[in-house]
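Structure record follows, encoded as structure tokens.
The values are calculated or read from the model by the stated rules, or taken from the named source; none is laboratory data. As the structure is a computational prediction, the values presented were derived from the model and not from experiment. In this analysis, Cβ positions are derived from the backbone assuming ideal geometry, glycine residues included, and neighbour counts consider all displayed protein chains.
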Amino acid sequence: MRPWIPLAAGTMRDMTNDGFARVQAFSADWHGDTFAGATVRRLSRAMWGYDTVADAIIAEIAPALLVLVGLSLQMLLRWPLVGAFALAMVTLYIVSNVVLNNVYVLDANRRSVAMDSRIGGAMADAISSNPTVKGFGAEGREESRISAVLGDWRVAAQTTWQRYTNVWLWQNLLLGTMQAGLSGLLVLRWVKGQASAGDVAFVITSFLVMSGYLRNIGDSIRMTQRGLADVEDVARYARMAPQVADAPGAPDFIGGNGEIRFEGVTFAYKGAGAAIYDGFSLTIAPGERIALVGPTGAGKSTFVKLIQRLYDLQGGRIIIDDQDIAGVTQASLRRAIAVVPQDPALFHRTIAENIAYARPCATADEIALAARRARAHDFITALPKGYDTLVGERGVKLSGGERQRVAIARAFLADAPVLVLDEATSSLDVETEVQVQAATAALMAGRTTIVIAHRLRTIRSADRILVFEDGAVVEEGRHGELVARGGVYARLHAVTVG
């Protein structure tokens, strides 16, 4: 078994790595529709499912089959009728176990495994949102919700276990029949003088050995099926093609001066009735500062998602630095676009690791320089562990302004030609907002910048403001021009000022 250990461990590692890589490659839609906790539970459970299947086959089923076939053949050669009966019962026992587990138990087992994944998803959802739960005093409600999920699992698990019990009763019936048949046949031969008392003792002893191995095979078949059910989800991932895939042999994106062109772009979200964009065209010049303004659902966030190629287009193309983004690798494209979201989510790692996520090979001095440029160095060094401070899941140990400045430092370190700012100051207090605005102003220098604007006073210095309605640009110009025009932007501005 010693050579098997590194092989099994390596296979479990590779299987989990491959499953994780495939999940990472799935689209934003897929991740939006799927509980992260359930996915994690499936991946980890599949690894141990493989271990269960491998152990059952290698350590239990294979040796048991050798013993059972050997004893049956030995009886067959000495007493053909007795041996034939033993072989027939062994075959019936194994085949019926396989058939019953696959026909009678499998669907119930799949349901209970699915409910197990649902438990993981529901618990992870509640635990990751614990501040919200506490904020609304909703611990009791979440306990009730988890209790309801566990109740559904209990029903599914009881059905599965009941069916396993019925299969176990069938196994015992076959073993009893086998014992009676073998004993009867040998006693009959002994009465006729065709077998000695030693022969009878040999067959009874053989049956005791065979029944033990048959029980092990029955348990191993059950374990194998449960293990395969655990592996099935990851195997299903392997059969799923990524919803947004790199073209075969796609080259890496080569960042340039940051020119962006939408050429006749048509796009609709999955399941949406109408297209967000229909033949949409737009050019953003290198180094231009663009602000996107408009009501919710007008197409502002979609604009940013499309230049990152989080979704594929239904028509037209997007060109960045004279390269069709559908023809380059997604990872290289996204490394050329630095995004500072409205509510940045950090990893539960150190501040240094979070900043260096943009460039893992960055030195400590480069990380500190990025933090200084983002106006984050002072608050970081004031922490007991400085840059080695763990920020908590999604950065919960830091304030909103601190998380924003860490995200801006990360963008500085990325040094990407295209920058996206999703109104990075909309939820901050006045003093912190001033610091973050100063940091973002420095970050925008020399980059093509796209600002998703929720508060119009933050975009007055933009080179061009694009006013979106229903996936189209209905107005564009500088702040003063648009206010004087008295159109959609002027109305939005009046509401904001008022």
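Screening residue 318 with (1) part of a loop (DSSP other than H, G, I, E, B); (2) at pLDDT 90 or above gives one miss only, at (1). Test each condition in (1) surrounded by 14 or more Cβ atoms within 10 Å (Cβ to Cβ); (2) in contact with a Phe, Trp or Tyr (Cβ under 8 Å, 6 or more places away or on another chain) for residue 364 and report the one that comes out false. Exception for residue 364: condition (1).
Of the numbered criteria (1) in contact (Cβ under 8 Å) with a residue 40 or more places away in the chain; (2) among the charged types (D, E, K, R); (3) closer than 28 Å to residue 60 by Cα, the one residue 189 fails is (3).
If we scan the range 264-282, do we find a residue that is surrounded by fewer than 17 Cβ atoms within 10 Å (Cβ to Cβ), assigned by TED's automatic domain parsing to the domain that holds residue 463, touching a helix residue (DSSP H, G or I) at 6+ places or on another chain (Cβ under 8 Å) and farther than 16 Å from residue 473 by Cα? Within the range 264-282 (the criterion being surrounded by fewer than 17 Cβ atoms within 10 Å (Cβ to Cβ), assigned by TED's automatic domain parsing to the domain that holds residue 463, touching a helix residue (DSSP H, G or I) at 6+ places or on another chain (Cβ under 8 Å) and farther than 16 Å from residue 473 by Cα), the answer is yes, since at least one residue qualifies. The condition (being hydrophobic (A, V, I, L, M, F, W, C) and without any contact (Cβ under 8 Å) to a residue 60 or more places away in the chain) is satisfied by just one residue among 68, 100, 92, 73: 73. Go through the residues of the range 139-153 one by one and say whether even a single one is assigned by TED's automatic domain parsing to the domain that holds residue 104 and at pLDDT below 80. Yes, the range 139-153 contains at least one residue that is assigned by TED's automatic domain parsing to the domain that holds residue 104 and at pLDDT below 80. Residue pairs whose Cβ atoms lie under 7 Å apart, separated by 6 or more positions or on different chains, with the first residue in the range 369-394 and within 20 Å of residue 414 (Cα to Cα) and not assigned by TED's automatic domain parsing to the domain that holds residue 437 and the second basic (Lys, Arg) and outside any helix (DSSP H, G or I), do not occur. Taking (1) at pLDDT below 90; (2) under 22 Å from residue 435 (Cβ atoms) in turn, residue 368 satisfies each apart from (1). Of the residues making up the range 361-407, those that are over 30 Å from residue 127 (Cα atoms) and part of a loop (DSSP other than H, G, I, E, B) are 361, 362, 363, 374, 375. Restricting attention to the range 174-230, the residues that are crowded, with 18+ Cβ neighbours inside 10 Å, over 23 Å from residue 106 (Cβ atoms) and among the β-branched types (Val, Ile, Thr) total 1. If the condition is being at pLDDT 75 or above and over 17 Å from residue 118 (Cβ atoms), then the range 28-48 contributes 47, 48.
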